[in-house]
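The values are calculated or read from the model by the stated rules, or taken from the named source; none is laboratory data. Note that this is a predicted model, so its numbers are computed, not measured. Every residue, glycine as well, gets a Cβ built from its backbone with ideal geometry; the counts of neighbours run over all protein chains shown.
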Amino acid sequence: MLTLPPFEWSEPTSLDQALGLLSEKPGEALVVAGGTDAVPNLKHRLHEPRRVVHIGRLRELAFIEVRDDGLHLGPLVTLSQLERHPAVRRDAPSLAKAAGLVAGPQLRAMGTVGGNLCLDTRCTYYNQTYAWREARGFCLKKDGVHCHVVPQGRRCVAAHSSDVAPTLISLAAEVEVASRRGRRTVKVEEFFVADGVHNNVLRPDELVVRITVPARSLGLAVGYQKLRPRGAIDFPMLSVAFAARLAGGACETAMLVVSALAAKPKVVGGLEPLVRGKPLDGGAIEAIAQAAYRQCRPQINVPYDDDYRHEMVPVFVRRAIQEALGMAPGPAVRGGGGR
Ligand SMILES: Cc1cc2nc3c(=O)[nH]c(=O)nc-3n(C[C@H](O)[C@H](O)[C@H](O)COP(=O)(O)OP(=O)(O)OC[C@H]3O[C@@H](n4cnc5c(N)ncnc54)[C@H](O)[C@@H]3O)c2cc1C
Ligand code: SF4
């Protein structure tokens, strides 16, 4: 049986109290929201904090508001609430779909959108018990000095595994973070960094307090496709989010995000000349799919074949675009995410 390590437990009842607790021992505290990822990680000794700050009682952080400037989400909104909310389903259906494809129903009832955004990266050599990792010689993400995936590498390439984040990036969403030092707003696209040890820009005393999808991104043509071994519960081994603004049959803007390959979601570049002012027809879809194939290179960081994941990139890009266009995506490939 895996047990929890010893830690001091704090359960603040206001945001101010929570930020105070984080500022007292920055770097020594772990934030826990739904706990669906943080608690197993504690049991695996992947986190060994002196203090755990459970923010689940901060009801002021559990809101979904539709305002003139966009959709505002509190970080404590659960994935089930996000999946089912009528305005989210209507105006940002890829976001609702991605939330509904996370894990299984029990985990979606507990797991929050803030926790999903800040989800720790995953790797075959990291998401293991202490004894397993010790026998393998640990790795530079935790307790060791070498990477087993890229042995000469100096940076961890563990997989970014959040389902919701790629859709938020495709919708140009922003995240507001707060600490006792003040507040700042970061584009979700710039929230992540390419180092899997700590793959976001959050400082130890900061909390995510709001996620905003701007009004201009509501009602776009969107799609989200996820490849996972078992459709009922697994993390993505590849995920694709697509969003486009269409007018009169032509494409004005398009954003494609491919993730679960490395520490940071990949925004596929160079789409504008392929799509601007043109219809998203078979030729354009193929050009986008091939651009994604060329730009994405899966690492051997999760227990699934990297060449297979690479070959699936254009397949899932085509499906995500077809979904955005209201065309039925192709047949499912091993839990291929069409729902
Ligand atoms: C069997 C299993 C399958 C899973 N499958 C998937 C999957 O398919 N897709 C997927 O995306 N996830 C999956 N997960 C992971 C997890 O359930 C979800 O990502 C969930 O949304 C995490 O939310 P949480 O509130 O439980 O986060 P927690 O576990 O509480 O926290 C996760 C991380 O976020 C940080 N955090 C939480 N809230 C905040 C905040 N407001 N500000 C700053 N930091 C914060 C925590 O410190 C921690 O580092 C799975 C988990 C399990 C156990
Ligand atoms: S990518 Fe390398 S450093 Fe990162 S968790 Fe995996 S083995 Fe460790």
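Test Pro26 against the criterion of being more than 30 Å from Arg89 (Cα to Cα), within 19 Å of the chain's Cα centre (by Cα) and loosely packed, with under 15 Cβ neighbours inside 10 Å, and give yes or no. Answer is no for this residue.
Criterion applied to His72, His160 was being touching a residue at least 60 places away in the same chain (Cβ under 8 Å), within 21 Å of the chain's Cα centre (by Cα) and within 16 Å of ligand 2 (Cβ to nearest atom), and the one residue passing it is His160. Look at segment 230-251: where a residue is over 20 Å from Pro298 (Cβ atoms) and away from ligand 1 (no atom under 16 Å from the Cβ) and a partner is assigned to a strand (DSSP E or B) and β-branched (Val, Ile, Thr), sitting 6+ places away or on another chain with Cβ atoms under 6 Å, you get Ala243/Val222; Arg245/Thr253.
When restricted to residues that are among the hydrophobic types (A, V, I, L, M, F, W, C), under 12 Å from the mean Cα position of the chain (by Cα) and surrounded by fewer than 24 Cβ atoms within 10 Å (Cβ to Cβ), segment 225-272 contains 1. Would you check if Gln299 is at pLDDT below 95 and either among the hydroxyl-bearing types (Ser, Thr, Tyr) or surrounded by 15 or more Cβ atoms within 10 Å (Cβ to Cβ) (or both)? Against the criterion (at pLDDT below 95 and either among the hydroxyl-bearing types (Ser, Thr, Tyr) or surrounded by 15 or more Cβ atoms within 10 Å (Cβ to Cβ) (or both)), Gln299 qualifies. None of Thr129, Thr124, Thr185 is surrounded by fewer than 16 Cβ atoms within 10 Å (Cβ to Cβ), within 16 Å of ligand 2 (Cβ to nearest atom) and hydroxyl-bearing (Ser, Thr, Tyr) except Thr129.
For beta carbons closer than 6 Å, sequence separation of 6+ or different chains, a first residue in segment 164-183 that is more than 23 Å from Gly219 (Cα to Cα) and a second that is among the aliphatic types (A, V, I, L, M) and buried (at least 18 other Cβ atoms within 10 Å of the Cβ), the qualifying pairs are Val177/Val208; Ala178/Leu207; Ala178/Val209; Ser179/Leu19; Arg180/Leu19. Looking only at residues that are surrounded by fewer than 20 Cβ atoms within 10 Å (Cβ to Cβ) and away from ligand 2 (no atom under 16 Å from the Cβ) in segment 31-47, which one is farthest from Val113 (Cα to Cα)? Here the residue is Lys43. Return the residue satisfying two criteria in turn: it lies in segment 163-182 and is farther than 30 Å from Phe316 by Cβ and among the hydrophobic types (A, V, I, L, M, F, W, C), and of such residues it is surrounded by the most Cβ atoms within 10 Å (Cβ to Cβ). Once the filter is applied, the top-ranked residue is Val177. Considering segment 78-93, the residues that are over 15 Å from Asn116 (Cα atoms) and buried (at least 19 other Cβ atoms within 10 Å of the Cβ) include one that is farthest from ligand 2 (Cβ to nearest atom), namely Asp91.
Of all the residues in segment 139-151, those that are out of contact with any helix residue (DSSP H, G or I) (no Cβ under 9 Å at 6 or more places or on another chain) and more than 6 Å from ligand 2 (Cβ to nearest atom) number 4. For segment 109-168, a residue qualifies if it is within 30 Å of Leu82 (Cα to Cα) and either modelled with pLDDT under 95 or more than 16 Å from ligand 1 (Cβ to nearest atom) (or both), and exactly one does: Val157.
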